[in-house]
Amino acid sequence: MTVLKLEGEGDDWRLRLDGDWSLAAMAQIETQLRALPGGLHGTLNCDWSRAEDPGIGPAWALLTRLDGIGAQHFDVRHTGDPPHFLELLQKLRDYAQAAPAAPEAAPSLERSVSEVGRWAVLQGAEGRAVIGFFGRLVTVLRESFSRPRALRPSSLARHIYETGITAIPIVSLIAFLISVIVAYLGAQQLGKFGADIFVVDLVTISVLREMGVLLTAIIVAGRSGSAFAAEIGVMQLNEETDALRAMGMNPIELLVVPRLLALVIALPLLTVIADAMGLAGGGLLSLLNLHIPLPQFISRLRESLSPTTFWAGMVKAPVFAVLIAMVGTYRGMQVRESARELGRLTTVAVVQSIFMVILADALFAVLFVQIDF
Amino acid sequence: MPEPAATSVVRVHGLVSRFGAQVVHDGLDMEVRSNEIFGVVGGSGTGKSVLLRTILGLRRPDAGTVELYGKDVQELAAADRSSLVQSYGVTFQNGALISSLTVAQNVQLPLREYHPMSEETLDELAELNLALVGLPRDAGTKYPSQLSGGMVKRAALARALSLEPKLLFLDEPTAGLDPISAAAFDELLLYLHSQLRLTVVMITHDLDTLFRTCNRVGVIVDGRMITDTLEGMLQNQNAWIHEYFHGPRARAAEKGAHG
């Protein structure tokens, strides 16, 4: 139990410290310190003889408070075997008082206005940076193609493996399940009109034109977009990218281009697999649920396809790949300073690449309707 | 000032550390007495950091015991462990400041965790700890990435001191500092050691630091530790120790410390 007792009057004061004065009792000590009256003058005798286990923090808080309660002529003396570090603390107090205080915060209105301004400037800088990144990427890409060694085949192979081959199971599974769901719900609705057979059209067109490529792109954005951002981000934190630059290598050529090209190659291939698995799912459900035999499913499938259906999905794949790779690597390159930045930017990379994919898909939809593709 | 009785604070007995087939420590003994600055040296790969991690309980020894204040680190219950952790401070080689917190928040982190107190008091104590290690006041509002290497080391020391430990473990505290900053860190350490009556265990490669600050030195050779005073080490005939303490750099450092 900590006790702090102030006795005396006029010019002669005694402060008795009693009980636990260790750091663990800090909460009590600060309450009692705050209860001390202000505006004292004369001398104050601080008696440490009964303080148990005095800690540095509590002693510091006491000194700070004693500086606060004294009027102009106030003299503090420490008696009763004060702790050995008190002298050091007193020196530090003088040093701390001599040092300039931290600047005061501006009033709230001014601050919120400047906050808006700062945000706008940051957004502008961000926009410029994105355009700059895109420009550098295009320049480096053009150079790389004229110099095949710069395309780093081994790195490219590794990224195709990581973004493409390892994604096959999950992409297949999801494409299969989604097309089963579409076929199942479609069969229920179309069955009311006796138009069961049009389930085949529904599955074929939706999978080939939209679902196959869109789902694949979203899965890849989640898997590889985040991986790109995190990998490059950690390299930034370790100054690896700076080391590359210092050795005269271009991090965009070494880190961004292989990932971009790998994804441009892998995503269309994954889309083909997703399309195939989607059609298989539709076929299986038609067989089991609607009793449409497989040969009939296939012949109906042929009829429902126009020459462009498959390609209407496929042309989008490389575009989505470029978007995902660019967002992921750009966010990775933005990581500076802290682990928290890394987490934030990885999240941003995933969210933005999914958003960009869906936005691009919407634009494609409008475009294809307009040109009747 | 009466010299306190030299009780043993850290005691490692028969420590064996293995990584697969590779044996790093083979029956290592180490004893650190209270109120001394104990330097741990050894060539690269002799397991200095492994030793530190084992003492801190971050790594389980393959054999042998580690005692801090006479308590076996491995045998402690969770509650005892928490109070033991509060009784020592550690700085890691690269500072290991939490990068998403400001320097002041880093210093306050252990205080917040273990001792309830108001925000103003926390700010006061952060100011105290920063002043203790000689950091300017405005360093508290900065993030670790905005600090220079020397300031990071000092900030890490401030965080290690925040719970007012009697025992400090420092892993390469002057590595990567320029000679002036390193010398200033040595002086700071000596000053804090005398003013706060600390026991310090320091892993270091820095011969200047070793000659300037350490009372006793433990050298890890062939998986064991040879402990002696600096004067004793200079007489030691072990090939590696002789090379270490009589190489060109050691002679210069020794001259600097005594001359």
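Taken over the Cα atoms of segment B:131-257, the convex hull encloses 121 Å³ per residue. For chain A, relative contact order (Cα pairs under 8 Å, six or more residues apart, normalised by length) works out to 16 percent.
Excluding the sites themselves, what is the longest stretch of chain B that contains no trypsin sites (Lys or Arg not before Pro) in a DSSP loop with at most 16 other C-beta atoms within 10 Å?
B:60-141
For segment A:283-357 and segment B:35-104, compute the distance between their C-alpha centroids and round to whole Å. Using only Cα atoms to place each centre, the spacing works out to 49 Å. Between B:ASN106, B:LEU230, B:VAL16, the Cα set farthest toward the positive side of the dipole of chain B (charges on each charged residue's Cβ, about the Cα centre) is that of B:VAL16. More than 28 Å apart: what percent of Cα pairs in chain A qualify? Of the Cα pairs, 65 percent sit more than 28 Å apart. Pairwise inverse Cα distances across chain B, averaged and inverted, put the Kirkwood hydrodynamic radius at 19.1 Å.
Here is how the number arises for chain A: DSSP H runs of 4 or more residues each give -39500 (n - 2.57), the sum is divided by the residue count, and the result at 222 nm is -22000 deg cm²/dmol. The longest part of chain A holding none of the exposed loop GluC sites (Glu not before Pro), meaning those outside H, G, I, E and B in DSSP with at most 15 other Cβ atoms within 10 Å, is A:105-238.
Considering helices alone, the calculated mean residue ellipticity of chain B at 222 nm is -12000 deg cm²/dmol, with DSSP H runs of length four and up weighted by -39500 (n - 2.57) and normalised per residue.
When the convex hull of its Cα atoms is viewed from all sides, segment A:3-98 shows a mean projected area of 5.6 nm². For B:LYS153, the lysines whose Cα falls under 21 Å of its own Cα, not counting residues fewer than eight places away in the same chain, are B:LYS48, B:LYS142, B:LYS166. The three principal axes of the Cα atoms in segment A:116-233 give end-to-end lengths of 58, 47, 26 Å, sorted in falling order.
Within 10 Å of the Cβ of each residue in A:63-69, the mean number of Cβ atoms contributed by other protein chains is 1. In percent, what relative contact order does segment B:99-164 have, based on Cα pairs under 8 Å that are 6 or more apart in sequence? Result for segment B:99-164 is 48 percent. Here the relative contact order of segment A:3-98, from alpha carbon pairs under 8 Å that lie six or more residues apart, stands at 30 percent.
Loop-resident trypsin sites (Lys or Arg not before Pro) (DSSP state other than H, G, I, E or B) in segment A:154-226 with no more than 13 further Cβ atoms inside 10 Å of their Cβ: A:LYS192. Cross-link reach is defined here as a Cα-Cα straight distance under 17 Å, omitting same-chain residues fewer than 8 places apart; for B:LYS71 the aspartates and glutamates meeting it are B:ASP29, B:GLU31, B:ASP80. Kirkwood hydrodynamic radius computed over the protein assembly as shown comes to 30.4 Å, based on all pairs of distinct alpha carbons.
Enter the Cα centre distance for the pair segment A:13-53 and segment B:136-170, rounded to the nearest angstrom. When both Cα centres are located, 28 Å separates them. When the alpha carbon gyration tensor of segment B:99-164 is reduced to an equivalent ellipsoid, its three semi-axes come out at 18, 11, 11 angstrom, largest first.
Taken together, the values in this text are just the output of simple stated rules run on the coordinates, not laboratory data. Source: prediction; values computed, not measured. Cβ coordinates were reconstructed from backbone atoms using ideal geometry, including for glycine residues, and neighbour counts include every protein chain displayed.
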